[in-house]
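Structure, as structure tokens:
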Amino acid sequence: MDSQFPSSFFFSILFIISMEIRSSWSQNPQFQNCVNETIQCGNINIGYPFYGQNRPSYCGHPGFELYCNGKNLEITIDSIKHYVLSVDTAATTLTVAREDYWPGHCPASLVNTTIDFSLFSYTNEDENITIYYNCSSSTSSSAGWQSSQFMCPGSTATGYFSAASGSNGNLEAGCSSSVFVPVYKSVVAKMDGQVNQGTLMAILSSGFGLQWFADNNRCDDCQKSGGECGYDWNNGEFQCYCSSDSSRCRQTVSGSKSKKTGVGVGIATGVVGIIALLGCWSFFILRRRKRLISHAKSKDLHSTPSNSNTDSNRDLPSSNGFTTTQTTSGFFTTTHTTTDFTTAHTTSYSQNIPSYASSKLKPEKGSNYFGVQVFSYTELEEATNNFDKSRELGDGGFGAVYYGELPDGRAVAVKRLYENNYKRVGQFMNEIEIIARLCHKNLVTLYGCTSKRSQELILVYEYISNGTVADHLHGKRSELQLLTWPIRLNVAVQTADALAYLHASDVIHRDVKTTNILLDGNFQVKVADFGLSRLFPNHATHVSTAPQGSPGYVDPEYYNLFRLTEKSDVYSFGVVLIELISSKEAMDTSRRGMDANLACMAVDRIQKNKEFHELVDPRLGFEEDYNVQETIKLVLELAFQCLQQERDLRPSMMEAFLVLKGIQKRFSSQQKQVMVDIKDEDLALLKNVPPPLSPETRVVISKGRR
């Protein structure tokens, strides 16, 4: 009876404690509040990542506070108020319209649209339009049919709205101010060139699309496991709040602060209970031990010591250098360990050796690292024919790249870090972590890697068959002259798209150059070599780091001040644009003086205006094709903006992308119009009908067709 009492008492206390902790789980207020309190305004009902009204801030994410103004839902993005017109939680997108342009077009202050790219990105359905203000009376005659005049209340000055993509030189010269506003492409297209004050208001009122980034993947995992998404504002990290009946959710967030949230009272109660339990348990053990000793002493008076192994305490040998003493009492077994100092010292030392320092450890074949396949060294050796020299594709920033073929038939580019260069394991791990979580049609795909404990550190990419842009511009493939102006313009658009995506994902490339822009068989872009990539922390304006990159492409501010920002990539992209136009290398010591640096040469020629034609590759048809000439000028203008010494004067990568998309659209539409005109003239000749008498007639026809 007495021996059973401690055990039964212990289990009773343990049961009470577990019920208390379980009760605290079921009373998790954060989970309940985030489930019950959504934001309802007008016809919109939305939860995470948004918060506001009665929805607590810990149920949302910083930067996503909403206000309900009557039936209009408002959000402030980069200090500019917007109306939220619709929300698509599945696509993590929302449609917004600037409050100061809804539904009018004459705001109190003229401010360009900006967004926080750490939280949002523009969608592929967006484009910029330009609204010009305070224009002179002489501007109207040169504004063109794609622009429409309007007046602002209380002002005698004239304004213009340009639906054409790119800049309008006449309007810029005749107007003192201009503002660009993102809008939906589809809405502008529906206007079919019929631009007037009414269509301007309709376009602005339709808004534009934004995709949000607020730990989207982690929130998906949390919700799938039965939890509710939230945010710990004190520690600045994502939280997954769990209900009492969701064991999957607890496993998902095991060890995180979210599991601790809401159970403080239960844990405190448990600790107090355990202390009381240990006190009672120790009391009964000591009491029982005294009784056993007393019993043994009385027994020794009548018997001699025995060598039998019937003692309740005995030493058990251990194979790992530990001596284990086992004590059994009731239902509980406690194990006390005495450490062998020699073994412990050796073990501690081996744990301090980096796992990648040994080249003889077996690779983790068949496993995954950040979601990508882990190959064995032998597999890649076979795929590249033992890294045959004839299969070497090039020498990257951190190692040689080889062509290979996997057993499943996939052609791959195998990037092998320099032999025994384990100091570069940081770049190796960094590249895997960054690329594995990115997915974009114009980024090279990472298939897998070797284990960091393998013989060598190797990355496995998809193989891109058509070489680099540098090869085609001024390398071995340049003699083929395959890169026509339309292809080069498309290369610029797709590269800008990929870089804008990286920036929206908080990644700075740091080594943007034409040798890192690959082309497939259809001349589609694949941006590669993330070996110098660095994650860009949220809410950070710059990262201080020693300058890295390639000569001729490095941002001057980055080089001089060690200030790495997204605009550092923009500068490098400006050099790429000049390369695409000129076919000249970024650095060429055969060019005299400052012209050795292509960026310096370009800025000098563009500023001199009449000498910019020296930058243009004569094979592009600049002098013969007016359409080519005009679009090249527009790209040169964008490149000039990207190459500004001060980073604040450069456009964002998304802005550059939208400008290039507009230029490409303009080029394509004009090319189609030329083809239509040629066909009309040929048809007229066949029918013995005179062709149109003047260019003006053709303009009227094109306007009507739009």
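The values are calculated or read from the model by the stated rules, or taken from the named source; none is laboratory data. Note that the coordinates shown come from a computational prediction; the quantities given were computed from them, not determined experimentally. In this analysis, Cβ positions are derived from the backbone assuming ideal geometry, glycine residues included, and neighbour counts consider all displayed protein chains.
Name the single residue that is farthest from R410 (Cα to Cα) among those in the range 371-396 being over 28 Å from the mean Cα position of the chain (by Cα), of a type in the set (G, A, S) and surrounded by 17 or more Cβ atoms within 10 Å (Cβ to Cβ).
Our first condition is that a residue be over 28 Å from the mean Cα position of the chain (by Cα); within the range 371-396, this holds for 376-393.
Going one step further and asking which of them are of a type in the set (G, A, S), we end up with 376, 383, 390.
Next, only the ones that are surrounded by 17 or more Cβ atoms within 10 Å (Cβ to Cβ) stay: 376, 383.
Values: S376: 16, A383: 10 Å.
Top of the filtered list is S376.
Across the range 69-93, what is the total count of residues that are within 25 Å of the chain's Cα centre (by Cα) and part of a loop (DSSP other than H, G, I, E, B)?
Residues that pass the stated criteria total 6.
Return yes or no: is L502 within 22 Å of E433 (Cα to Cα) and of a type in the set (A, V, I, L, M)?
Working: within 22 Å of E433 (Cα to Cα): yes; of a type in the set (A, V, I, L, M): yes.
Considered against the rule, which asks whether it is within 22 Å of E433 (Cα to Cα) and of a type in the set (A, V, I, L, M), L502 comes out as yes.
Per-residue answers, yes or no, for (1) modelled with pLDDT of 90 or more; (2) over 20 Å from the mean Cα position of the chain (by Cα); (3) under 30 Å from D215 (Cβ atoms); (4) not hydrophobic (A, V, I, L, M, F, W, C):
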| position | (1), (2), (3), (4) |
| --- | --- |
| R477 | yes, yes, no, yes |
| D497 | yes, no, yes, yes |
| L502 | yes, no, yes, no |
| L519 | yes, yes, no, no |
| F523 | yes, yes, no, no |
| D529 | no, no, yes, yes |
| L532 | no, no, yes, no |
| H542 | no, no, yes, yes |
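Quick check on my filter: what residues within the range 438-464 are closer than 13 Å to A528 by Cβ and part of a loop (DSSP other than H, G, I, E, B)?
L438, H440, N442, V444, T445, Y463, I464 - these are the residues of the range 438-464 that are closer than 13 Å to A528 by Cβ and part of a loop (DSSP other than H, G, I, E, B).
Would you please name the residue that is nearest to the chain's Cα centre (by Cα), looking only at residues in the range 53-62 that are crowded, with 20+ Cβ neighbours inside 10 Å and not in a strand (DSSP E or B)?
Our first condition is that a residue be crowded, with 20+ Cβ neighbours inside 10 Å; within the range 53-62, this holds for 55, 59-61.
Checking which are not in a strand (DSSP E or B) leaves us with 59-61.
On the way: C59: 23, G60: 20, H61: 17 Å.
It comes out as H61.
Just to be sure I understand, how many residues within the range 605-628 are surrounded by 16 or more Cβ atoms within 10 Å (Cβ to Cβ) and part of a helix (DSSP H, G or I)?
7
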